[in-house]
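Novice: Below is one structure. I have some questions about it.
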């Protein structure tokens, strides 16, 4: 006789606890009590005849069996969510969007009120990520990424705009370091970010110039880099589209202009009948077009 599956509630409790790392967080996500999660996990362990967690309550760790089960469960639950979404998708409800962090803060959020005004029934839930998109393993509906065109085959790809990059700095820095040509950068403090470690060399190649040295201060995140440039700490290489408002308000200047980086920003969405995702991507395109007309 074929053995039946364990309780789906128990599997869901274990998956949430394993993914989040704490039973308290799993309880909050599933809207149950901590003791309910603990009971479900113990029942699942008894049913499977295998320990899934080990260590003290304050520092639970997944066992080898727990790790193997968690990976399969997370992917399976994501598949169930996607399957349900494809037949229940309508014009309202949540829309999960994965976006690059700096793009979220400097381009998307300042415009998002216009989408919400015309699509008040759609709850846009943003998450920050620059990881490769894998719709088979993820639960989001739309992703915005920048790259050179190697996109997942199972995604509907909508180009937004080509990226233009160039050195930017605070106007006050130009009073200390005159920058009229790439050679003048040699005497200026150059800023770097770990998310784009080769930005200066890439810009020099695209601008057909040579920099003797690209040493300078490093920042963990791109947003920190731009804030440092605005504060007058140095010169940073930045995409025009992410500093456009700063240039307009003269918080930043671009003494050497911008050149194509070879990358493009795109919106990726799942294939299939996903009305909210299609509407959101169409709105992104309209915002890009409106901004282009305004300039």
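Novice: With surrounded by fewer than 13 Cβ atoms within 10 Å (Cβ to Cβ), over 30 Å from residue 135 (Cα atoms) and in contact with a strand residue (DSSP E or B) (Cβ under 8 Å, 6 or more places away or on another chain) as the only criterion, which of 216, 187, 232, 257 stands out? Spell out how you get there, then give the answer.
Specialist: Numbers: 216 fails: surrounded by fewer than 13 Cβ atoms within 10 Å (Cβ to Cβ); 187 fails: in contact with a strand residue (DSSP E or B) (Cβ under 8 Å, 6 or more places away or on another chain); 232 fails: surrounded by fewer than 13 Cβ atoms within 10 Å (Cβ to Cβ).
Criteria check complete, one pass: 257.
Novice: Looking at 108, 69, 62, which is the one that is outside the structural domain of residue 222 (by TED's automatic domain parsing), crowded, with 16+ Cβ neighbours inside 10 Å, within 21 Å of the chain's Cα centre (by Cα) and at pLDDT 90 or above?
Specialist: 108
Novice: Would a scan of the range 138-147 turn up a residue that is surrounded by fewer than 16 Cβ atoms within 10 Å (Cβ to Cβ) and over 22 Å from the mean Cα position of the chain (by Cα)? Write out each step before concluding.
Specialist: Within the range 138-147, the first condition is being surrounded by fewer than 16 Cβ atoms within 10 Å (Cβ to Cβ), and the residues that meet it are 139, 147.
Within this subset, residues satisfying the condition of being over 22 Å from the mean Cα position of the chain (by Cα) are none.
So far as the range 138-147 goes, no, none of its residues is surrounded by fewer than 16 Cβ atoms within 10 Å (Cβ to Cβ) and over 22 Å from the mean Cα position of the chain (by Cα).
Novice: Moving on to the next point. Among the helices (runs of 4 or more DSSP H) confined wholly to the range 186-295, which include 1 or more residues that are touching a helix residue (DSSP H, G or I) at 6+ places or on another chain (Cβ under 9 Å) and under 16 Å from residue 173 (Cα atoms)?
Specialist: 222-230, 240-248
Novice: Across the range 46-72, which residue is nearest to residue 136 (Cα to Cα) among those that are in contact with a strand residue (DSSP E or B) (Cβ under 8 Å, 6 or more places away or on another chain) and not in a loop (DSSP other than H, G, I, E, B)?
Specialist: So in the range 46-72, the residues in contact with a strand residue (DSSP E or B) (Cβ under 8 Å, 6 or more places away or on another chain) come out as 52-55, 60-63, 66, 70.
Subset that is not in a loop (DSSP other than H, G, I, E, B): 53-54, 61-62, 66, 70.
On the way: 53: 27, 54: 30, 61: 27, 62: 24, 66: 22, 70: 16 Å.
Per the stated criteria, the residue is 70.
The values are calculated or read from the model by the stated rules, or taken from the named source; none is laboratory data. What you are looking at is a predicted structure, and each value in this text was computed from that prediction instead of being measured. Glycine also receives a Cβ, built like all others from the backbone with ideal geometry; neighbour counts cover every protein chain displayed.
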